[in-house]
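Heads up, the thing below is written out as structure tokens.
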Amino acid sequence: DRRVTVRDIAAAKLRHEKWPMLTAYDALTARVFDEAGIPVLLVGDSAAMVVYGYDSTIPVTVDDLVPLAAAVVRGTKRAMVVADLPFGSYQAGVSQALDSAARFMKESGVQAVKVEGGRRILPQVEALVAAGIPVMGHLGLTPQSVNVLGGYRVQGRGQAGEELLADAKALEAAGAFSVVLECVPEDLAARVTDSLSIPTIGIGAGDHTDAQVLVWQDMAGLTPRTAKFVKKYADLQTVLGDAARAYAEEVVGGRFPAPEHAYR
Ligand code: KIV
Ligand code: NA
């Protein structure tokens with residue numbers, strides 16, 4: 001077994017092969033996704049919501065995410081593991097971005113990092129790539145900028161679409177190996193995908209991107225309320241709730257543990 005590399009990702013685009021990405025935040029679920037053949041796992045700053053219970057990604061820190069990313073790396077053999085650089089860990093400049101990314105590379109063992117933004121963070125992207133760190137870009141709905149965007153809404157309509165395309169081209173020129181397009185009109189995502197030689201990874205961006213990504217708890221039906229772009233492939237909220245209720249009933253009723261669960 002060897003891990004998926006940026007070269008495999010580049011080759012997939014040449015072969016017009018679509019691929020799936022999921023988020024992961026712990027060893028056991030990461031292992032399930034790895035064994036299911038998901039080639040790229042993202043330790044997203046969405047951990048702020050789905051792991052830490054915040055209502056945006058703003059509060060989560062490098063210290064919060066590094067141990068989760070380390071667990072995902074330890075739980076997997078094949079997937080490329082990408083870590084989000086969280087809000088406030090790269091915007092200040094090149095040296096801050098290098099310090100933060102180095103922590104994920106050294107302490108977590110991830111193979112790449114993701115940063116939000118286009119031309120305004122090009123110096124950071126160039127410096128990370130120059131330091132030997134593969135960089136995944138993220139354009140469109142960039143949740144770390146929610147207070148500027150004025151909410152979680154579709155991005156890149158009209159003239160903003162031209163800006164987004166220019167940002168995507170700039171990220172490619174700066175050496176990014178892929179770019180996430182979140183919550184943008186599908187025709188814009190298609191244009192960006194056809195204009196770039198690096199793969200686009202869509203979330204709420206239609207079916208023309210090279211890859212797709214979803215937060216695993218959304219995909220598996222654990223998140224109570226999700227956006228229109230999410231498809232639920234399981235109903236874990238019901239499955240886990242039913243399991244917890246059945247366990248509780250059996251404990252209260254004296255039916256668990258049964259003799260076979262005890263040591264004689
Ligand atoms: O943090 C995250 O989960 C993400 C993906 C949705 C792309 O950035
Ligand atoms: Na993120």
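At 25 °C and 0.890 mPa s, grab the translational diffusion coefficient of segment 128-264 from Stokes-Einstein with a Kirkwood Rh over Cα pairs, rounded to a whole number in µm² per second. The diffusion coefficient I find is 138 µm²/s. For ARG119, neighbours were defined as the other residues whose beta-carbon sits under 13 Å from its Cβ, and their charges (Lys and Arg +1, Asp and Glu -1) total -4.
Secondary-structure-derived ellipticity at 222 nm for the chain, considering helices only, amounts to -11500 deg cm²/dmol, per-run term -39500 (n - 2.57) for DSSP H runs with n ≥ 4.
In plain terms, the chain from THR5 to ASP194 could stretch by 65.8 nm, reckoned as 0.36 nm per residue minus the Cα-Cα distance.
Just so you know, the averaged projected area of the alpha carbon convex hull for the chain sits at 16.3 nm². Shape class of segment 105-164 from the alpha-carbon gyration tensor: prolate, with a/c at 1.5 or above and a/b greater than b/c. Helix 186-195 versus the longest principal axis of the chain: what is the Cα-based angle in degrees, 0 to 90, to the nearest 10? Roughly 60 degrees, rounded to the nearest 10.
Between amide H atoms placed 1.01 Å from N, distances below 5 Å from ARG3 occur with no residue 5 or more places distant or on a separate chain.
Please state the shape class of segment 187-235: rounded when a/c is under 1.5, otherwise prolate if a/b exceeds b/c and oblate if not, all from the C-alpha gyration tensor. Write out the running numbers ahead of the final one.
Details: a/c = 3.83, a/b = 2.60, b/c = 1.47.
It comes out prolate by the Cα gyration axes.
Distance between the pseudo-spin-label points of ASP26 and LYS169 (7 Å out from Cα toward the beta carbon): 4.5 nm.
Quick note: the coordinates plus some simple rules give every number you see, no bench work behind them. Values in this document were obtained by computation on a predicted structure and should not be read as measured data. In this analysis, Cβ positions are derived from the backbone assuming ideal geometry, glycine residues included, and neighbour counts consider all displayed protein chains.
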